Amino acid sequence: MKYPRPAYLDPRVPLERKRQVFGNSFTELPRFETPITPSENFKRAASRDNPLWVPNALTDFQTIMAQDVIYGEPDGVHIHTDFRDDRNAVRDYVFTDWFNTSWTWVASAGGAMLTPGTRLVEDITEWEKTVKWPVLSEWDFKSKAVDYMRQEYDPDKMMHYDIGRGCTERLISIVGGYTEGMLALAMEPEAVKAFIDRYADFVIDLFDAIYALYPLDMVTYHDDWGTERDTFFSERMLEELVFEPTKRIIEHVKATGAAFELHSCGNITRFLPYMAEMGADFVQIQRRAVDIPAAKARYGDRIGFNTGIEGLPPDHAPAAEELIKMVRNTVTLYGAGGGFYASVHSQDPKTRWEILAELYAYSREYYESFGR
């Protein structure tokens, strides 16, 4: 069946007003009439069970970031970077997270870095004496959740929580940076393993606290494992220090029925089979560092992928014909069998609309062509 691609601001298409994930502004998006809810379709995509269209994070998700589960800054600290802070677009500033780690938001980069000179643990073998763990019972997650579920929750959309920093990222943050972290991995593996195991316990406890308040369909967990040239550490280090704690987190989350997405920047190609073995439902990885089409072809029956629109330039709007080709190529490269959802990042409202319309309509036609 051929599905319509409504023109920009077609009055027949209802609009929805949605808060941007990275900021406090709102945007208007088309809301297409779908035969099943976006939540149900996402679950089909995650389980490779005949999705009807390629889900996209912009219209099909409702996302709360790590800091969004609390009001304000209790005791003057953050859980994580606050992506809704109005200062983010205009200036650099310093903040402290709930492990007492100092971070500097860099406006030009659109992200936070460890504040130079920050080092909570001089000797990783002494981490038990120096790391102060957040006490989750002291944080009022419930008030924010009650308001969110009453005012913003949409039962038709899939519910997504970005849980924040993973085991190796937290290790890096307490020892003072990547150089110190890599030295710790190499020279004190037993201490590193003990810390990562303890941190995995903390992540599981945090997940349980949030899952008790929100009907989560997916969690995204961030643990950057490489530069754009190669991984930070070897397969042996992954196997002996990082694999089991990460797998334990993944298994705990998935036991609730929620999907698990593992975000990792850099050229982590050599780690992809391990990510599949850990049981991650999706990986969120860098297209310019990893040959994701090749990864889909090799591992697509075991692990799902989140990508942007293939070839879409970040700084200008392509012609309509070129845009259609990009969207269709993205669906063809990654959509086969499910296990894929797309992110749409264009800031131009017309381009964004046209991507969403083509992605929905073409992916429905694509899946129907397989008799689904």
Checklist entry - Quick one: is residue 274 of a type in the set (Phe, Trp, Tyr) and either over 30 Å from residue 212 (Cα atoms) or crowded, with 22+ Cβ neighbours inside 10 Å (or both)? => result no
Checklist outcome for this item: Condition set outside any helix (DSSP H, G or I) and touching a helix residue (DSSP H, G or I) at 6+ places or on another chain (Cβ under 8 Å), scope the range 232-267, selection surrounded by the most Cβ atoms within 10 Å (Cβ to Cβ): answer is 262
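Per-residue answers, yes or no, for (1) under 16 Å from residue 64 (Cα atoms); (2) touching a helix residue (DSSP H, G or I) at 6+ places or on another chain (Cβ under 6 Å); (3) at pLDDT below 95; (4) surrounded by fewer than 16 Cβ atoms within 10 Å (Cβ to Cβ):
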| site | (1), (2), (3), (4) |
| --- | --- |
| 78 | yes, yes, no, no |
| 81 | yes, no, no, no |
| 105 | no, no, no, no |
| 134 | no, no, no, no |
| 148 | yes, no, no, no |
| 165 | yes, no, no, no |
Item to check | Residue under evaluation residue 45, criteria (1) at pLDDT 95 or above; (2) in contact with a helix residue (DSSP H, G or I) (Cβ under 9 Å, 6 or more places away or on another chain); (3) not basic (Lys, Arg), criterion not met | outcome: (2)
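Between 302, 352, which is among the charged types (D, E, K, R) and either buried (at least 17 other Cβ atoms within 10 Å of the Cβ) or in contact with a Cys (Cβ under 8 Å, 6 or more places away or on another chain) (or both)?
352
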Item to check | Pairs with Cβ under 8 Å, 6+ apart, first in the range 143-166 and touching a residue at least 12 places away in the same chain (Cβ under 8 Å), second part of a loop (DSSP other than H, G, I, E, B) and of a type in the set (S, T, N, Q) | outcome: 155/37; 156/37; 157/37
Checklist entry - Considering the range 1-19 alone, what residues qualify as being under 24 Å from residue 82 (Cβ atoms) and either touching a Gly at 6+ places or on another chain (Cβ under 8 Å) or surrounded by 13 or more Cβ atoms within 10 Å (Cβ to Cβ) (or both)? => result 18, 19
Checklist entry - Can you pull out the residues in the range 127-142 that are in contact (Cβ under 8 Å) with a residue 60 or more places away in the chain and part of a loop (DSSP other than H, G, I, E, B)? => result 131, 133, 134, 139, 140
Checklist outcome for this item: Within the range 29-49, residues being charged (D, E, K, R) and either closer than 16 Å to residue 216 by Cβ or in contact with a Cys (Cβ under 6 Å, 6 or more places away or on another chain) (or both) number 2
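The values are calculated or read from the model by the stated rules, or taken from the named source; none is laboratory data. Quick caveat: nothing in here was measured; it's all calculated off a predicted structure. FYI the Cβ positions are ideal-geometry reconstructions off the backbone, even for glycines, and counts take in every protein chain you see.
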